[in-house]
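Please treat every number below as a calculation from the coordinates, not as lab data. Remember, it's a predicted structure, so these values are computed and weren't measured experimentally. Heads up, the Cβs are rebuilt from the backbone with ideal geometry, glycines too, and the neighbour counts pull from every protein chain shown.
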Amino acid sequence: MSEYNKLEQMACVSSKYLLDAKTVAVGTGIPLLAANLAQKTHAPNLIIIFEAGGISPIVPKLPISVGDSRTTHKCLIAAGLTESMETMARGIVDYAFLGAAQIDMYGNINSTQIGLDHDHPQVRFPGSGGANDFGSLCWETLLIMRPHDAKKFVPKVDFITTPGYLTGPGAREAAGLPPNTGPTHVITDLGVLGFDAETKWMKIEKTHPGISIAQIQENTGFELLIPDDICETEEPTPEELQLLREVIDPERRIIGR
């Protein structure tokens, strides 16, 4: 079995949730790795949308930001921020793919600040950018969280940058968000989490090889639901690792060395 690191594992696992002939709004980092890997394996017709306006580009090299000129390379539409957000508001973007600093049991995420004082936070992050639009308007939201620990998985986020299920069943709809939308999967360096269909509470779906259910719970700041049908994620294949290392991220800017 080929050796791989956690970032490569997360990219490979994430890519499998992106299906062919779907649309995905991504930022940079692991979400972009996963989208590119999906295009080069099982989802050749996946359409990538960048926040700054590049719609369905053929990305020659990993961009350093969503405004990098490479995000419009050979794209179908070189638009702008407004067009990207309007595309989501029209209901034609299947997946949003985001990362965050904190997440709670209902999938609300914080990429704005650490600390409750908005004027004087302990740490200020670059969010939200388009993260609120992404998670509010796309049909599904996929989330990348690392490292998986109790500082990131918290009972209450310091700031809701992007709504998950807010306070539980029906809360998104009551807030005026489109029905049948919301977070579906959280991919971490320990496994994959999902959300219970009725309660909207976070649950364990899969563990990575060598990781136990107990490890995931110990590193989470709230109680997780534990179904009976938890399975392991697949390990990256030699083909996937070759694509990541030699084609998608040959400079190892994201996956590391």
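Listed values, structure above:
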item	result
Extreme residue, farthest from the chain's Cα centre (by Cα), among residues of the stretch 134-153 that are among the aliphatic types (A, V, I, L, M) and crowded, with 19+ Cβ neighbours inside 10 Å	L137
Residue within the stretch 34-47 that is touching a Phe, Trp or Tyr at 6+ places or on another chain (Cβ under 9 Å), more than 30 Å from N219 (Cα to Cα) and among the charged types (D, E, K, R) present	no
In the stretch 29-56, the residues that are surrounded by fewer than 19 Cβ atoms within 10 Å (Cβ to Cβ) and in contact (Cβ under 8 Å) with a residue 60 or more places away in the chain	G29, K40, T41
Considering residues of the stretch 219-255 that are among the charged types (D, E, K, R), over 22 Å from the mean Cα position of the chain (by Cα) and farther than 22 Å from T28 by Cα only, the residue surrounded by the most Cβ atoms within 10 Å (Cβ to Cβ)	E239
Helices (runs of 4 or more DSSP H) fully within the stretch 1-112 counting 3 or more residues that are farther than 20 Å from L137 by Cα	6-15, 30-40
Members of the stretch 87-133 found to be among the hydrophobic types (A, V, I, L, M, F, W, C), surrounded by 20 or more Cβ atoms within 10 Å (Cβ to Cβ) and under 19 Å from T28 (Cβ atoms), listed by number	M88, V93, A96, F97, L98, A100, A101, I109, A131
Criterion violated by Y165 - all others in (1) more than 25 Å from L32 (Cβ to Cβ); (2) in contact with a Pro (Cβ under 7 Å, 6 or more places away or on another chain); (3) buried (at least 20 other Cβ atoms within 10 Å of the Cβ) satisfied	(2)
Residue satisfying condition, being touching a residue at least 24 places away in the same chain (Cβ under 8 Å) and outside any loop (DSSP other than H, G, I, E, B), within set L166, L143, L177	L143
Single unsatisfied condition, A175 versus (1) over 12 Å from G107 (Cα atoms); (2) crowded, with 17+ Cβ neighbours inside 10 Å; (3) touching a Pro at 6+ places or on another chain (Cβ under 8 Å)	(2)
